[in-house]
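The values are calculated or read from the model by the stated rules, or taken from the named source; none is laboratory data. Model, not experiment: these values are computed from the prediction. Positions of Cβ are backbone-derived with ideal geometry, glycine not excepted, and every protein chain shown enters the neighbour counts.
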Amino acid sequence: MIHNLKNRVKYTYFLRSFADVQRLRKFAETLEPDVKGDADVFKLVMAVLLESASSAARDIFEEEYFIANPRSEKRDGYRLLRTTKGKIYAGERMSQADFQRVDDLFAGSIKQNQIMSWMQIDLRRDNSRAKQKAIACVRLNKRSKEGKQLNEHDWEIVINEFDQMVADNVSKLSGQVIKGNNGYFIVFDDVESALTCASWLQKSVEHYNKGFNQVEFTLPKITIDFGHVTRVLRSYGFDFSGRPVSVCAKLIDRANDGDILVTRAVEDNVSPVVKNQFRIIEQGTWEIEELGKTELRTLDWR
């Protein structure tokens, strides 16, 4: 692929979620040093986000593949292998059975009338923006789904299950998790990843509660900010304790179980090409210590 990119061969990836776009962006960034000087990797590796109707049968991108010469009988391809943190570390050569599986998945999975829009997304990061971070604060209530107080044994089960949900979802979006005594701080480079992760976490708990599990627990409270909380953290040397925790607590106190509250700054920094992927509803303005007047919105994750 490096050889082809140096010879200005273009690659277009058709993706079904913004998380896939993020992974492709990071993949392109890993290729850039090897291609730099010969070609601009961000003009050659392109992402097209398919916004499909809800009637689509399933997500065909269950695996990540790179296929060369797709129409030739001598196809060659690789399955991309990732670390637990979501970083690509190798490519495993595809067998003929793998090609057949991909062909079967594509056959009838996406039909033209199921695709509502095709959006090409620039993978190059906008370096003109201030280097801020999107910070999601997550807090669990020590109660069951029915509102009963959990005993210590059941609470430990809940924490262990949710720890795994956080690790699984955050790793797919290349975020950073800091776990505190009273919740989780999850840090992302962009608001789109934070919004996606927050939705996934709520849906993960909802899905867990539908299973045959020993304990069902309440949906978490989640808040997301871009820039404001980062400035507070920076002034405290990115120490996730004390005053920064207090600021996040004041934000999250405005949320109910199952809510995803976001600041106006989050909505303002969503990329226009993916804005319709997130339904953000205006809620109101509050005076919050350290942050001043803060406009809050609700992300409709359902």
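On the stretch given as segment 1-28, residues that are touching a residue at least 60 places away in the same chain (Cβ under 8 Å) and within 16 Å of A90 (Cα to Cα) total 6. Tallying residues that are farther than 20 Å from V262 by Cβ and free of Cβ contacts under 8 Å to residues at least 60 places away in the same chain within segment 171-225 yields 8.
Here E282 meets the list (1) surrounded by 12 or more Cβ atoms within 10 Å (Cβ to Cβ); (2) modelled with pLDDT under 85; (3) touching a Lys or Arg at 6+ places or on another chain (Cβ under 6 Å) almost entirely, failing just condition (1). For segment 143-250, the helices (runs of 4 or more DSSP H) that sit wholly inside it and include 2 or more residues that are modelled with pLDDT of 85 or more and either in the same structural domain as A265 (by TED's automatic domain parsing) or surrounded by fewer than 22 Cβ atoms within 10 Å (Cβ to Cβ) (or both) are 152-172, 191-209.
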